[in-house]
Amino acid sequence: MTQPLCRGARTLGVALGVLLCPGGAWAGEEAPRAEPCPVPQEALLSAPEAPRPAFQPVPAALSVVPGLLFHGLGTWVEGDTQTSKRLFALEGAGLGLLAVGGVPIALTGASRRTIGPLYLVALSGAGLFSLSAAANLYAAVAPAFPPGAPAPALPPVEVELGYQHVYDPAFDYRHFLSLGATARLSSVRLEGSVQWAPGEGNTRIRMGGAYRLLGAPEQARGSAEGTALDGEAAAVFHRFGPQGFAMGGVEAGVRGRYDMVRLSRRLEGSFAEVSAGMAFQGYSYFGPVSEDALHEQLLFSFGYGVYLGRQGPVRGEALLYYNHRKDDFPGGVKAAVGVLGFFGMRGRLFLSDRWGVSGDVQAGSAYVGRVSVVYALGGER
C-alpha cells in the first residue's frame, strides 16, 4: 500500500515528469498533500493491503494484440478503467512528443543546427511510449506472481569480476576480462569499471560517481521505495591498440527512477528509469590528428524494470532498456533517421548476504554479453 508523498517525493515526481513529459509524474498521485514521508519497509510489509486482482488470460492476451498499439486495453477489459486511462494518457503524450520532435527532423533533413533539441524531444516521446507499452504488459501479467520490492539498503562496497564477449564485424577483439567496483557513502556513489582484452590491445576504463539529489540514499532507503533522482558524472578512456587510436572524454547528466506503483496499484514491483546528459569526447590517433577529432554526444536512455525478491537474502532487479550512446562496445543501429543507440537487458541478483551474480546483454551494430560474480562487503540487507 503506497503512502502519502512527502515534499521530497513530490518534488521528485515533478523532476521525473519534466524528464519524460509535462504532468506525467503526477498521473498516479491520489494521496493528499499532507505529510508524512514513507514509513519503514517492515511496517509496509506487515500492513494489511487490498487483495490483488486475479490473473485473467483474456485481458492478458488483449494487452499484446492489439494492446501493444492501444496501451491499457487489457486492464480496461478487466474493469480497471483508472489504470487504462493513465496508460492511454502516457501513450498519447509519447506519440505527441515523437511527432513534435520527429517531424521537424524529417523536414530539415536532420540539420546539425536543430538536431540536438529535436532528438531530445523525440527520444523523450519514444521513451514515454515504450515505458507505457511495458507497463501495459506488466499490468496484464503481474497478478500471476507476487511483486518484488527494492532492497531497503544496498551494500556499502561491491566488487565484481566477470567475463565479457563482444562480437563486432569491424574489429577482431572478442574476449574481455571485466572488473568493477561500487562504493556508497550516504548520498554519494562512486563506481569504476575496466574491460580488458588480453593480448588484443583493447581496453576501456570508466570512472564516475553520482550524488543523490532527491530520494533516500541507497544505503538507507528504510522503506519500500526506490524512487530517486541522481546527478551523475564520469570520465571514459578507450584504447584501440591494433587500430592505432584512443578515445577519451567526460560526461554529465541526471538519472531518475520512478516506482510505477505510484501510477497504479497493479504496477507494484516495477519501475521506470530515464537518464539524460551530454558527453564531450576526443579521439587521439597514433598518426596525424583528424579535424573531426573533437565532438559532443547526446546521452539518453530509458528502461522498464522489475524488482526481484521481497524478503530474505535473495534480492535484485532486472531492466530492459534502450541507450542512445554509440561509443560503447555495442555501437549503434543504423536507421532512416540516422544512427540510433543500442538495446539491452541487465540483471543483478544476490543469492546470499554477500554473494551474487550480474549480467548484461546488448545489441547494436555489435553484440555484447557479460556475466559477473558480485561480492558485497557489508552484505545486502
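Per-structure values
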| quantity | calculated |
| --- | --- |
| Hz values of 3J(HN,Hα) by residue in the range 158-175 - Karplus curve (6.51, -1.76, 1.60), Gly and Pro given as x | 10, 10, 9, 9, x, 10, 10, 10, 10, 10, 10, x, 7, 9, 8, 5, 9, 10 |
| 5 angstrom amide H check on residue 154, placed H, neighbours 5+ away | 219, 220, 221 |
| Karplus 3J(HN,Hα) series, Hz, for the range 309-322 with 6.51 cos²θ - 1.76 cosθ + 1.60 (x for Gly, Pro) | x, 9, 9, x, x, 6, 7, x, 7, 9, 9, 9, 8, 10 |
| Extension reserve of the residue 361-residue 373 stretch, reckoned as 0.36 nm per residue once the Cα distance is removed | 2.8 nm |
| Cleavage-rule hits (chymotrypsin sites (Phe, Trp or Tyr not before Pro)) in the range 201-289: DSSP loop, at most 12 neighbouring Cβ within 10 angstrom | 286 |
| Burial ranking of peptide ranges 58-65, 126-133 (average Cβ count within 10 Å, highest at the top) | 126-133, 58-65 |
| Note, ³J(HN,Hα) from phi for the range 199-216, Karplus 6.51, -1.76, 1.60, rounded to Hz, x at Gly and Pro | x, 10, x, 10, 9, 10, 10, 9, 10, x, x, 8, 10, 6, 7, 9, x, 6 |
| Charge sum, other residues only, whose C-beta stays under 14 Å from residue 205's C-beta, Lys/Arg counted +1 and Asp/Glu -1 | -1 |
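Read the figures in this text as sums done on the coordinates, not as results from a lab. Bear in mind that the values here come from a model prediction, so they are computed numbers and not experimental data. With ideal geometry, Cβ positions are generated from the backbone for all residues, glycine too; neighbour counts draw on all protein chains shown.
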